[in-house]
Amino acid sequence: MDPARWSRDSRVVPVAHPPALFAGTRLRPLDDANLARCFPGAADGSPTRAIAWHLDRSIIARADFYLDLHSGGVRFLMPSMAGYDLTDPRSVEAANISGFPVIWGHPTLGPGRTISAAKLRNIPFLYTEARGCGRVAPEDLALFRRIIQNLLIHLSILPGSPERATIQHHL
């Protein structure tokens, strides 16, 4: 995935919440907040809410499509899957070409999530979960690579055809 081959710009945030990552938790040690539940945030809020506010305005608001990669972190074991907005045909189509064997369509979304912020702005999205438990399984890394490549192809950022996989479970 050589960025020199891309036909459009993409914004990538490798780690949205470094203090929580370095602490090995979803919660930021300074304010005990979970960035994944603080959107759209507040400019004058707690440190985590301020990060959410800036991410919402500088990344999500400028997106044509939003992809959020997650894992179970250190403490949780999650099923590897891709989630999408069941009410948005653009999200449905992206989920179907994602390459994930498990996809989960959400008819509604709770508040505070990055994907909730994207939906409020009418931006299609996918989010992923990978196993976690403090490590990256090679199979999950392959799934993440596939979803990124398939999405870049789907959005006509990269040439080619998506690498399809059979959807084993459609939740």
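Does at least one position in the stretch 83-96 carry a residue that is assigned to a strand (DSSP E or B), touching a residue at least 60 places away in the same chain (Cβ under 8 Å) and within 17 Å of the chain's Cα centre (by Cα)? Looking through the stretch 83-96, none of the residues is assigned to a strand (DSSP E or B), touching a residue at least 60 places away in the same chain (Cβ under 8 Å) and within 17 Å of the chain's Cα centre (by Cα). Taking the criterion of being under 15 Å from the mean Cα position of the chain (by Cα) and either open to solvent by 30 Å² or more (accessible area, probe 1.4 Å) or at pLDDT below 90 (or both), the residues of the stretch 67-78 that qualify are 67, 69, 70, 71, 72, 73, 78. Listed conditions (1) touching a Ser or Thr at 6+ places or on another chain (Cβ under 6 Å); (2) of a type in the set (Val, Ile, Thr); (3) closer than 18 Å to residue 62 by Cβ are all met by residue 115, apart from (1).
Residues of the stretch 17-50 that are open to solvent by less than 80 Å² (accessible area, probe 1.4 Å), touching a residue at least 12 places away in the same chain (Cβ under 8 Å) and within 19 Å of residue 119 (Cα to Cα): 35, 36, 38, 39, 40, 41. How about the stretch 52-65: which of its residues are in a helix (DSSP H, G or I) and either open to solvent by less than 40 Å² (accessible area, probe 1.4 Å) or more than 19 Å from residue 32 (Cα to Cα) (or both)? Once the filter is applied, which keeps residues that are in a helix (DSSP H, G or I) and either open to solvent by less than 40 Å² (accessible area, probe 1.4 Å) or more than 19 Å from residue 32 (Cα to Cα) (or both), the stretch 52-65 yields 52, 55, 56, 57, 58, 60, 61, 62. Residues in the stretch 103-122 that are touching a residue at least 40 places away in the same chain (Cβ under 8 Å) and either buried (at least 18 other Cβ atoms within 10 Å of the Cβ) or under 12 Å from residue 68 (Cβ atoms) (or both): 103, 113, 114, 115, 116, 117, 118. The single condition from (1) among the acidic types (Asp, Glu); (2) modelled with pLDDT under 90; (3) outside any loop (DSSP other than H, G, I, E, B) that residue 163 fails is (3). Does at least one position in the stretch 135-151 carry a residue that is under 15 Å from residue 64 (Cα atoms) and not aromatic (Phe, Trp, Tyr)? Yes, the stretch 135-151 has at least one match.
The values are calculated or read from the model by the stated rules, or taken from the named source; none is laboratory data. Predicted model only: the values in this text are computed from it and were never measured. Here the Cβ is made from the backbone with ideal geometry for all residues, glycine too, and neighbour counts use every protein chain on show. For accessibility, only protein heavy atoms count, side chains too; no ligands or nucleic acids. Shrake-Rupley method; radii C 1.70, N 1.55, O 1.52, S 1.80 Å.
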